[in-house]
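What follows is a set of notes on a single structure, which appears directly below.
Just so it is clear, none of the values below were taken in a lab; they were calculated from the coordinates. Computed from a prediction, not measured in an experiment: that's the story for all the values here. All Cβ positions, glycine included, derive from the backbone under ideal geometry; neighbour counts span all protein chains shown.
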Amino acid sequence: MKCIHATCVALDGSAVLLRGDSGSGKSDLALRLIDESWDLVSDDYTELEAQGHELLAQAPKTINGLFEVRGLGLIHLQTINRVPVQAVFDLKPLVDVERLPEFTTETFEGLEVPRYTLYGLEASAPAKIRMALKAQTYNLFFNLED
């Protein structure tokens, strides 16, 4: 099992990891997703474990059920555990987000996971996450080299 610096949220049994520097919008984006009926898996740190062909995410015991909301403090929320990770989103400043990026993956515990870069504080960030998961599921990405 590996612990990484990332917030994790899930919808319908599929989790995403939100990574970024302090102030990049991880918790803010997670809050907006939770407000749209996503579930909290873990805030700020997430444990990852490979099981077969799935990468499972859960909260470390010390922070399970805690969610930091800037300006409000720590809030107790119900969490879900051992959720398969479908993608990782690196949150960067807008100037560092490519308009037409190449598809990339990252390996965790020996398993490849699609990796995307977003500006986490952008109003459309939750919609972009939903779109990326939908495009992955239905193979909707267009390859410019085709």
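Observations
- Hull volume per residue, based on the alpha-carbon atoms of the chain and their convex hull, is 116 Å³.
- The angle between the Cα long axis of helix 26-35 and the longest principal axis of the Cα atoms of the chain comes to about 80 degrees, rounded to the nearest 10.
- Rounded, prolate or oblate (a/c below 1.5 giving rounded, otherwise prolate when a/b exceeds b/c) for the stretch 28-70 by Cα gyration tensor: oblate
- Proximal aspartates and glutamates to residue 128, defined as alpha-carbon separation beneath 18 angstrom and excluding residues fewer than eight positions away on the same chain: 12, 28, 35, 36, 39, 90, 96, 98, 102
- Once exposed loop chymotrypsin sites (Phe, Trp or Tyr not before Pro) are cut out (DSSP; at most 15 other Cβ, 10 Å), longest piece of the chain: 1-102
- Label zone at residue 35 (point 7 Å along Cα-to-Cβ), backbone N below 12 Å, the stretch 87-123: 123
- Here 62, 79, 107 are placed in order of increasing Cβ neighbour count within 10 Å, fewest first, which gives 62, 107, 79.
- Simple label model, 7 Å out from Cα along Cβ direction - residue 134 to residue 74, nm: 3.8 nm
- Here the residues 26, 134, ranked from fewest to most Cβ neighbours within 10 Å of their Cβ, fall in the order 134, 26.
- Sites residue 122 and residue 12, calculated FRET efficiency, Cβ-Cβ separation with R0 22 Å, nearest 0.05: 0.40
- Bridgeable lysines around residue 61 (alpha carbons under 29 Å apart, same-chain partners fewer than 8 residues away excluded): 2, 26, 92.
- Neighbour-count ranking [beta-carbon atoms within 10 angstrom, fewest first] of 7, 117, 104, 46: 104, 117, 46, 7
- Given charges at beta-carbon only (K, R positive; D, E negative), |dipole| of the stretch 75-129 in Debye: 220 debye
- Summary value for the chain: 24 percent relative contact order, contacts being C-alpha pairs under 8 angstrom separated by 6+ residues.
- Sum of -39500 (n - 2.57) over DSSP H runs of 4+, divided by residues of the chain (222 nm, nearest 500): -5000 deg cm²/dmol
- Shape class of the stretch 75-140 from the alpha-carbon gyration tensor: oblate, with a/c at 1.5 or above and b/c at least as large as a/b.
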